[in-house]
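First up is the structure itself, then whatever we jot down about it.
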Ligand SMILES: Cc1cc2nc3c(=O)[nH]c(=O)nc-3n(C[C@H](O)[C@H](O)[C@H](O)COP(=O)(O)OP(=O)(O)OC[C@H]3O[C@@H](n4cnc5c(N)ncnc54)[C@H](O)[C@@H]3O)c2cc1C
């Protein structure tokens, strides 16, 4: 091992992406007997970025991500590799399902409804969410033809809103799809690219024509599958919260890498030798490879430093400028989560589900309320309930200009109106995430393809994170691991 030259690798950003990239680099260094000198630079004093778990009294509170989808295996596989398999827990079986607000009252999302499409017809017919005409229009989805390109044409990117209106009608979009998807992306569905966010629905249309038919088939086969997710249910988390994963990664990495906190990278430039020069307020060091695991707008700024020494690289400066521009154009939304603990006896609603989503058409001030302690065990003491209320997002950015006290007052009033929450909560805290949610707008897939094409012409540079090909934890981990694999080639 000692004869092989040491690869000097820097990872910028200590969110889940940076941590997972560092972990994969160290795994490969060991398996391929390739010595590395790895440094992770994190601007704040903590690892984890927008994912974080806090203990508040006897409550276990997620202030960012609270779980991850299991049908994308990267997160489960990583947990298994770092010895956390026994700590994985799935959602409670008692309270499955979600509620959606209709005329100010929570009503159940029809059984079998999968994000955009129903798998069962009868629950839709019985649901008070839709008018008789709305139900009829949804049923006509069986007969809506596929969208086809003319000869020699490429189909333009379609927004989520346009797709759902075309296949299921306006009511389905406004009353159920917008709030369900809004709960994930906090986005405007008129701008959200379906190809970038949920391409499987486009594939379903291409293959089966009708999404109702395709969803029914999928629901039947899912019941028979025994993939990674089958063992844990569709969503999983860790017994002690997402921080279990972050902390385990941080401690594992720290034994073999230099992990620096409060070390914001200020620029990355090219040294005369061709090496990459990473500069913080206190030092400047040379590396052979740099992984940017930072938000796209930060990466865009940091890449500016390469322009000066660009002669040493193969990329012309116009490519670098285009790359910076494309990265800078990825918009981000801000959101706030209000976490609160309550006595169950103080809540009129039985909270017999995982949460409530609120359509924009209801003109309220909340995006969604997650009933965290109904989803996972160990989140609240007996007789108590933990709520996470989402405010702001791309549709209501003005709410984030309010003070914490004003946001708390609005959330309290809304929770009283929607769920009958009364009495003094055990705690109520506002957690703000500014420019934390990348928005996959129309054209995102092409933009990201071009970003990676341009990055290929910058020797030693790799990009990873939630800005590109998926925002969920498994997507971030997959993106991190693939960047690490390219770095180690
Ligand atoms: C409120 C909220 C709820 C969510 N819920 C879920 C969920 O339930 N399930 C799910 O799967 N996903 C969820 N997500 C999405 C998921 O959590 C994120 O996409 C993911 O955590 C992003 O990780 P990241 O490492 O790519 O980016 P970040 O977490 O943004 O990390 C980037 C890191 O880079 C650091 N940094 C920035 N600039 C510099 C610099 N110049 N030098 C050094 N370091 C720098 C930052 O401090 C930060 O630590 C949620 C996101 C949010 C905001």
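The values are calculated or read from the model by the stated rules, or taken from the named source; none is laboratory data. Only a predicted model underlies this, so the values are computations on that prediction, with no experimental measurement involved. Here Cβ is always computed from backbone atoms with ideal geometry, including for glycine, and neighbour counts include all displayed protein chains.
Things to note:
- Taking the criterion of being surrounded by 14 or more Cβ atoms within 10 Å (Cβ to Cβ) and part of a loop (DSSP other than H, G, I, E, B), the residues of the stretch 315-351 that qualify are 315, 330, 331, 349, 351.
- Scanning the stretch 5-36 for residues being more than 16 Å from the ligand (Cβ to nearest atom), within 26 Å of residue 242 (Cβ to Cβ) and outside any helix (DSSP H, G or I) gives a total of 0.
- Unmet requirement for residue 39, which otherwise passes all of (1) outside any strand (DSSP E or B); (2) surrounded by 17 or more Cβ atoms within 10 Å (Cβ to Cβ): (1)
- Residues in the stretch 31-48 that are at positive phi and modelled with pLDDT of 95 or more: 48 alone.
- Comparison of 60, 40 shows that the only residue that is within 16 Å of the ligand (Cβ to nearest atom), touching a residue at least 60 places away in the same chain (Cβ under 8 Å), more than 19 Å from the chain's Cα centre (by Cα) and not assigned by TED's automatic domain parsing to the domain that holds residue 256 is 60.
- Enumeration of residues in the stretch 126-142 that are surrounded by fewer than 15 Cβ atoms within 10 Å (Cβ to Cβ) and more than 19 Å from residue 218 (Cα to Cα): 126, 128, 131, 132, 133, 136, 140
- If the condition is being away from the ligand (no atom under 16 Å from the Cβ) and either modelled with pLDDT of 95 or more or within 22 Å of the chain's Cα centre (by Cα) (or both), then the stretch 457-472 contributes only 460.
- Being part of a helix (DSSP H, G or I), farther than 22 Å from residue 202 by Cα and at pLDDT 95 or above is a property that residue 133 has.
- Residues that are closer than 12 Å to residue 252 by Cβ and in contact with a strand residue (DSSP E or B) (Cβ under 7 Å, 6 or more places away or on another chain) within the stretch 2-24 comprise just one, 22.
- No other residue among 233, 183 is within 17 Å of residue 69 (Cβ to Cβ), in a loop (DSSP other than H, G, I, E, B) and within 16 Å of the ligand (Cβ to nearest atom) apart from 233.
- The residues of the stretch 149-193 that are over 23 Å from the mean Cα position of the chain (by Cα) and within 20 Å of residue 446 (Cβ to Cβ), listed by number, are 149, 150, 152, 153, 154, 155, 156.
- Count of the stretch 272-288 residues which are within 24 Å of residue 318 (Cβ to Cβ) and either surrounded by 14 or more Cβ atoms within 10 Å (Cβ to Cβ) or within 11 Å of the ligand (Cβ to nearest atom) (or both): 3
- Of the set (1) at pLDDT 95 or above; (2) surrounded by fewer than 22 Cβ atoms within 10 Å (Cβ to Cβ), all apply to residue 68 but (2).
- With respect to the conditions (1) out of contact with any helix residue (DSSP H, G or I) (no Cβ under 7 Å at 6 or more places or on another chain); (2) assigned to a strand (DSSP E or B), residue 263 falls short on a single one, namely (2).
- Sole exception among (1) touching a strand residue (DSSP E or B) at 6+ places or on another chain (Cβ under 6 Å); (2) away from the ligand (no atom under 16 Å from the Cβ) for residue 93, by number: (1)
- Complete set of residues in the stretch 426-440 that are out of contact with any helix residue (DSSP H, G or I) (no Cβ under 8 Å at 6 or more places or on another chain) and more than 16 Å from the ligand (Cβ to nearest atom): 426, 427
- Single match in 421, 448 (criterion: within 15 Å of the ligand (Cβ to nearest atom) and touching a residue at least 40 places away in the same chain (Cβ under 8 Å)): 448
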